[in-house]
Amino acid sequence: MKKLFFLFVLAISNFYLSQNQRITGMEFYYGFSDYKKDSLAKPNVYAEVKSQNEDYIKMSPFRYTDTDKKAKKENRAWLMKYQNNLYFSMTYAAYIYSFDTFARVKVIGKKYFLVYLDEVKDKKAISYNNPYGGGLLGGALNAGLTPKFAWKDKKGNSYKVLLIDIEKSNNTSDKRDVSFGLVVDTRLIVKLTDNDPEVISKLKTNQYYLEDIIDLINKENNK
């Protein structure tokens, strides 16, 4: 019995340590213009990981390793590069924003980034502030479509998908040097495919999948 209790405590301790490890070596594109200029900053900062998997990292605010003061510029950064992966700050994810969280960019192209997060596996990276108004709903219904804000893959897993324009910043609302991550919804798919009848047919029958979105963005990036 004592042995089982010891193993249980050890497992819990290892889990806690793995979720609260200090990480370093992050690099940053502070803003959209830095990315366009390929100006990658390499500050000496660290953070404590709160939760992570292969698709996201949720952490404490960044601090400078030499002074332990909060690294304000890094905490507002648009993109982070870590272990050869590029991560988008979920602070700038429209409607599903999540502070101190970076989501791995899955598709990197000359026009768009694509981020997609499993609503179950990656739920700690997703906030559910969903103030979709009647304008979107009405537009979708007028086209005979049911509005969708999450997309299943062909295995049945459900995802929130973000599209980030890296050709031209979509920020028209404030002074922040970013391009916001837009939640991919029915209206955006129709717009990107220029009202393609085949796509609309698939949307109406719930046969448009995450894989179709990935293919669409890859094609747009290769034009």
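Sorted by packing (mean other beta-carbon atoms within 10 Å per residue), highest first, where do 40-50, 156-166 land?
Details: 40-50: 15.6, 156-166: 19.7.
Put in order of decreasing packing, that is 156-166, 40-50.
Can you tell me the length gained on complete extension of the stretch S51 to I23, counting 0.36 nm per residue apart and subtracting the Cα distance?
Using 0.36 nm per residue and subtracting the Cα-Cα distance, I get 8.9 nm.
So, by mean Cβ neighbours within 10 angstrom, what's the order for 114-124, 185-195 with the highest one leading?
So the order, starting with the most tightly packed, is 114-124, 185-195.
May I ask you to derive the FRET efficiency for N218 and T172 from their Cβ-Cβ distance with R0 = 25 Å, giving the value to the nearest 0.05?
Approximately 0.40, to the nearest 0.05.
What are the residues whose amide H is under 5 Å from the amide H of L86, where those residues sit 5 or more places off or on another chain and H is modelled from the backbone?
Close amide H contacts, sequence-distant or interchain: V105.
Would you calculate the separation in nanometres between label points at S158 and K36, each defined as 7 Å from the Cα along the Cα-to-beta-carbon direction?
My value for the distance between the label points is 3.8 nm.
Give me the percent of the accessible area of the stretch 152-223 that comes from carbon and sulfur atoms, probe 1.4 Å, all protein chains in place.
That share works out to 46 percent.
Beyond a 26 Å Cα-Cα separation, which of these cross-linked pairs lie in this structure: K106/K148; K50/K106; K37/K175; K36/K202? Walk me through the numbers before you get to the answer.
Working: K106/K148 21 Å; K50/K106 22 Å; K37/K175 19 Å; K36/K202 36 Å.
K36/K202, as the Cα separations exceed 26 Å there.
The values are calculated or read from the model by the stated rules, or taken from the named source; none is laboratory data. Every value quoted in this text rests on a predicted model; they were computed, and no experiment measured them. Cβ: placed from backbone, ideal geometry, glycine included. Neighbour counts: every protein chain shown. When the accessible area is computed, the model is the full protein with side chains, heavy atoms only, and any ligands, DNA or RNA have been set aside. Shrake-Rupley method; radii C 1.70, N 1.55, O 1.52, S 1.80 Å.
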